Amino acid sequence: MNIIVAGSGKLGSMLTKRLVEEGHNLTIIDTSQDVLDESIEEYDVLSVKGNCASMEILREAGVETADLLIVTAEEDEINLLCCMTAHGMNKNLHTIARIRTPDYAESTYAMRKLFALSLTVNPERHAAREIYRLLKYPGFIKREKFANGRIEMVELKVEANSLLDNMPLYKMPKIANGQVIVCTVLRDGNVITPSGEFILKAGDKIYVTASPINLNKMLKNLGLITRRIKNIVIAGGGSVCFYLAQFLEKDNCNVKVIEQDISRCEHLAEHFENINIVNGDASSQLMLEKEGVENCDAVISLTGMDEKNAVISLYANSINIPKVITKLGRSQHMQIFEALPIGTIISTKELSCNTIVRYVRAMENQVGSAVTVHSIADDLAEAIEFIVDNSTYNCSVPLKDIKLKPNVLIASITKGNRNEFPNGDSIFVPGDRILIVRNGGKIIKQLNDIFED
């Protein structure tokens, strides 16, 4: 497809990388020549310098023949005007805009046709929702939903001397006391599709698929965190904090926000009566000690600086805070930070990128396209959910008689309200939901792509 990405910041750069890898023709619009030169040097893309809301610039970028426009400029108003202008120039154009301002949430949804919006993404709100879910189930590093919440995939790290350390995978269901499947292991930067004889080692990251009930059983039996998170310290009072506070306020949690900008503190105080707002530097050990951080259940680092977030989380981990969550913005440093004991890492850009990539794939394949797409294992693998329809190959054929492409695993089949972890005799029929995991290899855009020709 012909895609225009307007605004090549952190999210725009991540999208450029993913969409080029998937074979699309990209044109990048940005006001900075340095940013454009960097994109051209790294990827096979065209570039246009200028204001993306200008008809002249959009025309130069080829909007009249484009299939999709993705706008990720810093100002929400520019993003909205760009989509409206572009759609006026090309009525068949799909548009995706990043809209971050909380005050615009209602209007952009209610007036999405007027604004010519096919989809809006809010990285900060998305991140806040993900953090909220992790606080509900604090034993997991990450947790993704599939099959309308009936199946979930979680990320766990194998700790030294834990029950998982040196354990062969065939013992996992017995220890978990429920039906679970380990579909991917990340070890030393390599993605592995494990067999039952595979032995876990300390430092491995494993990706486990199961029903929510069985995942909670697994948490308990593995001795991981199961108690409710009640006392929370949030470092940084930006947009992610604002959205998270909206979720937490309803749960009667004891929440303390430490924010350095006094005007931001006043803004938060105006909106949240039941949340304690403290003006100060959350990266100061003295400040954290003064605010009693050692007595909290969770520390969430949400400042605008990755390095500061890492320092705060390192300290929280050193004093054995049960749940530590760290927001990171720069994907190029992710592997460095992944090696540090800073708890669960949340990338606002990655969450939004996954949403947009799923939309792009659905545009390409109106029949058989993915329902859900999640990058896992440091972006080296994907978990993708499809709905079986009448065009799907091999319906009603036992899995033992189907040849799948290399590095593809069928992790679960959901039939109505019943989940099935497949064996050789399992079959799928139209209406079933299939969760597949791709560990490297060719991009899977529709369900039939998983089968060998």
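The values are calculated or read from the model by the stated rules, or taken from the named source; none is laboratory data. Predicted, not measured: the structure shown is a model, and the values here were computed from it. All Cβ positions, glycine included, derive from the backbone under ideal geometry; neighbour counts span all protein chains shown.
Laid out as a table, the results:
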{"quantity": "Hey, ALA127 within 30 Å of ASN419 (Cβ to Cβ), buried (at least 23 other Cβ atoms within 10 Å of the Cβ) and either at pLDDT 90 or above or touching an Asp or Glu at 6+ places or on another chain (Cβ under 8 Å) (or both) or not", "calculated": "yes"}
{"quantity": "Residue under evaluation MET14, criteria (1) part of a helix (DSSP H, G or I); (2) surrounded by fewer than 21 Cβ atoms within 10 Å (Cβ to Cβ); (3) out of contact with any strand residue (DSSP E or B) (no Cβ under 6 Å at 6 or more places or on another chain), criterion not met", "calculated": "(2)"}
{"quantity": "Single match in ASN25, ASN2 (criterion: in contact (Cβ under 8 Å) with a residue 24 or more places away in the chain, more than 23 Å from GLU382 (Cα to Cα) and among the polar types (S, T, N, Q))", "calculated": "ASN2"}
{"quantity": "Matching residues, region 156-169, being modelled with pLDDT of 90 or more and part of a strand (DSSP E or B)", "calculated": "PRO168"}
{"quantity": "Selected residue (criterion: modelled with the lowest pLDDT) from residues of region 170-182 that are within 20 Å of GLU159 (Cβ to Cβ) and surrounded by 19 or more Cβ atoms within 10 Å (Cβ to Cβ)", "calculated": "ALA176"}
{"quantity": "Strands (runs of 3 or more DSSP E) completely within region 202-260 that count 1 or more residues being surrounded by 22 or more Cβ atoms within 10 Å (Cβ to Cβ) and over 23 Å from the mean Cα position of the chain (by Cα)", "calculated": "254-259"}
{"quantity": "Test: residue in region 105-118 that is closer than 30 Å to LEU268 by Cα, surrounded by 21 or more Cβ atoms within 10 Å (Cβ to Cβ) and small (Gly, Ala, Ser)", "calculated": "no"}
{"quantity": "Sole residue being in contact (Cβ under 8 Å) with a residue 40 or more places away in the chain and either surrounded by 17 or more Cβ atoms within 10 Å (Cβ to Cβ) or closer than 30 Å to GLU159 by Cα (or both), chosen from ILE300, ILE275", "calculated": "ILE300"}
{"quantity": "ILE342 vs. criteria surrounded by 21 or more Cβ atoms within 10 Å (Cβ to Cβ), in a loop (DSSP other than H, G, I, E, B) and not charged (D, E, K, R)", "calculated": "yes"}
{"quantity": "Residue match in region 27-36 (condition: part of a helix (DSSP H, G or I), farther than 23 Å from GLN446 by Cβ and of a type in the set (Val, Ile, Thr))", "calculated": "yes"}
{"quantity": "Filter result for ASN279 (modelled with pLDDT under 95, in the same structural domain as LEU244 (by TED's automatic domain parsing) and more than 22 Å from ARG129 (Cα to Cα))", "calculated": "no"}
{"quantity": "Odd one out for MET55 among (1) among the aliphatic types (A, V, I, L, M); (2) surrounded by fewer than 19 Cβ atoms within 10 Å (Cβ to Cβ); (3) in contact with a strand residue (DSSP E or B) (Cβ under 8 Å, 6 or more places away or on another chain)", "calculated": "(3)"}
